[in-house]
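Participant: Pasting a structure here, questions to come.
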Amino acid sequence: MKMKLFLISISLLLGACSSNVKPWERGNLARAEMTFGAEGLINTINDHVYFSKEATSGGSSFAAGGCGCN
Amino acid sequence: MKKNNAFALAAASLMSATNISSVSAADWSHELNTFIYNESDGRVSDKSIKYSGKASLNDGDTLLNLNLGVDILTGASPTGALPSDGKTQIITSPSGGTQTTNTSSTLEKAPFNDKRFSFDVGLNKAINETGTRANIGFSFSKENDYKHLGLSTGLSKEINNKNTTLAIGLAYSADTIDPIGGTPRPLSPIGTRKTLSSKSKKSIDMILGVTQILSKNTITQFNYGYGKQTGYLSDAYKRISVIDNNGNIVNNIHEARPETRAGHNFFAAIKHSLNNGNVITETTRLHADEWGTNSFTSELKYRMALADKSSIEPYVRFYYQSAADFYTPQLSNEKALPSYASSDYRLSKFSSYTLGATYRLKTSSKNEWNLTGEYYQQVPGGLNFGEDDDDDNSSSGKTVNNPGYSAFILSLGLKF
C-alpha cells in the first residue's frame, strides 16, 4: 500500500514536470516563505525536540542528530 | 560590529580551501533564538540559546552557514521500570552518581542535569554555470556522556529551465556514548558490575530529492531517505521490570536493543501562495524501519499577513508510530529472557499532536522578530493499520509505563 502511494506520487510529480514557469513569473516563488527550509531556527528547534521524543525523524533533510537525549 | 567580524574570521578558515578571498560583515545575516521547553509532571526541561549565521558571497555563488547552540537540560526522565508502589529505590541517573527516588507516582523517573553544546558549519557553492551546486558540512555536539561528530556532502542540479531541482546528499556520523557509571551489560540486573569502556555508534544517511515548481504560486518537494545506524543503540539509563504472575516486581534489569537499525523515509511537501499572499504549507512523511517503528507524520501551516510588516502562522502537526518489535512494558519471570527488550516509552505505540503559532514582526528591511508558542501532547495508542495490538501497555496485571505527557515551547527569535 505504501509502495503504491509512493509510485502514484512519483507519477504525479513526473506529470507535473511538464509545467514551465518562466523566470519573470517567479516573483511569488522567490519569497522566503515560499522556500523550503527557510523557516530558520524555529524549525531546527522543533526537529530536535521531535528527534528526542519520537522514535523516527528526518525526511526534509538529514535527521537532527547527535544527542543521548533523555 | 566586533561580533560580526568574529564570525567572518571563523568562516575565513573554512573558506581558505575554496578560493574565497574575504568576507565582510555586510555579507552576513544572523539569527539569534532563545527558547524554553517544559514537560508536564516534572519531566524534562530545556533552556536554550541558539545562533545561526549565513553569508551569501559573489551574488549567491557561495553560501556559508554556521550554527551554534547551548542547551541546559534538567528534570527527570522515565526509566522504563514499573512503579514499585511507593517504595524507595536507588537509581543511577544520567547526571551521575546514585539518586534516591520515591516511586509512588505513575512512573519511575531518574533525575538528571546535563548541558549540550552543538556546532555545525556548511559551505554550498556553485560548481558550474548550469545550476549545479555542491555542499559540504561538519557537525559536532557534546554532552556530559555523549559526543557527536558528523560530516555531510551533497550535489544539486537545476534542470527543465530551473523548474526542477534534483538533489542527492550523504551524511556520516560517529558518536561516542560514555554513560555515567559505565555501560551496563544487556539485560543484566540493576546494580551488577558494568563495563566501563565507552561505546560508539555510527550512522550513514542518504537522501534523494526533487523540488518541482508546479505553477507561479505552487512548489512541491519529494524526498526519499535511507539511514542505517550501527553500534550501541541502547539507552544505558533505561530499565525493564521483570514481574511474577501476581504482577509483583521480581527484578529490574537493563534494556537491550539490536545493534543495527536501517530505515526508509518518504517525504512530500507542498507550498501554495493564495491570491492574497497568504501561504499554505503541508508536509507528510512515511517512515518504515527494521525495528518495526513505522510512522506517519503530517503537518499543516498557514501563514497570514496581518499588516505590511507582521504575520502570524498557526500550525498543527499529527504524528503516529507503531511500537518497536522488541518493545515491552515489562517481562515475565516465567519466560526466558528475549534477545532484545526495551520499555522506553519512545519505542511504544503512541500518537502526538502539536498545536502552535509563530508571530513575525519586521522592524526594518533586515530585522525581524519572531515569537513562537507551541503545545505538544503525546498519548499512548492511536491509529491502527491492522497490525497486532500486542504492543499495548495493558498486556499484564501491571500498570502502563507510557501514560503520555504534554510539553510547551516558548521561543523568541531575532533575525538581523
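Participant: In the range B:278-296, what residues are facing chain A (nearest Cβ under 9 Å) and either in contact with a helix residue (DSSP H, G or I) (Cβ under 7 Å, 6 or more places away or on another chain) or of a type in the set (A, V, I, L, M) (or both)?
Facilitator: If the condition is that a residue be facing chain A (nearest Cβ under 9 Å) and either in contact with a helix residue (DSSP H, G or I) (Cβ under 7 Å, 6 or more places away or on another chain) or of a type in the set (A, V, I, L, M) (or both), then B:Val279, B:Leu286, B:Ala288, B:Thr293 are the ones that fit.
Participant: With the checklist (1) modelled with pLDDT under 85; (2) facing chain B (nearest Cβ under 7 Å) in hand, flag the one item A:Ile42 doesn't pass.
Facilitator: Of everything listed in (1) modelled with pLDDT under 85; (2) facing chain B (nearest Cβ under 7 Å), A:Ile42 misses just condition (1).
Participant: Return yes or no: is A:Phe62 in a loop (DSSP other than H, G, I, E, B) and at pLDDT below 80?
Facilitator: yes
Participant: Kindly list the number of the only condition in (1) out of contact with any His (no Cβ under 7 Å at 6 or more places or on another chain); (2) surrounded by 13 or more Cβ atoms within 10 Å (Cβ to Cβ); (3) modelled with pLDDT of 60 or more that fails for A:Phe6.
Facilitator: It fails just one condition, (3).
Participant: When you go through (1) modelled with pLDDT of 85 or more; (2) in a strand (DSSP E or B) one by one for B:Arg43, which number turns out not to apply?
Facilitator: Condition (2) is where B:Arg43 drops out.
Participant: Is it fair to say B:Arg261 is among the basic types (Lys, Arg) and in contact (Cβ under 8 Å) with a residue 60 or more places away in the chain?
Facilitator: It is false that B:Arg261 is among the basic types (Lys, Arg) and in contact (Cβ under 8 Å) with a residue 60 or more places away in the chain.
Participant: Of the residues B:Leu208, B:Leu187, B:Leu233, which single one is surrounded by fewer than 21 Cβ atoms within 10 Å (Cβ to Cβ), touching a strand residue (DSSP E or B) at 6+ places or on another chain (Cβ under 8 Å) and at positive phi?
Facilitator: B:Leu187
The values are calculated or read from the model by the stated rules, or taken from the named source; none is laboratory data. From a predicted model like this one, the values you see are computed outputs, not experimental measurements. Here Cβ is always computed from backbone atoms with ideal geometry, including for glycine, and neighbour counts include all displayed protein chains.
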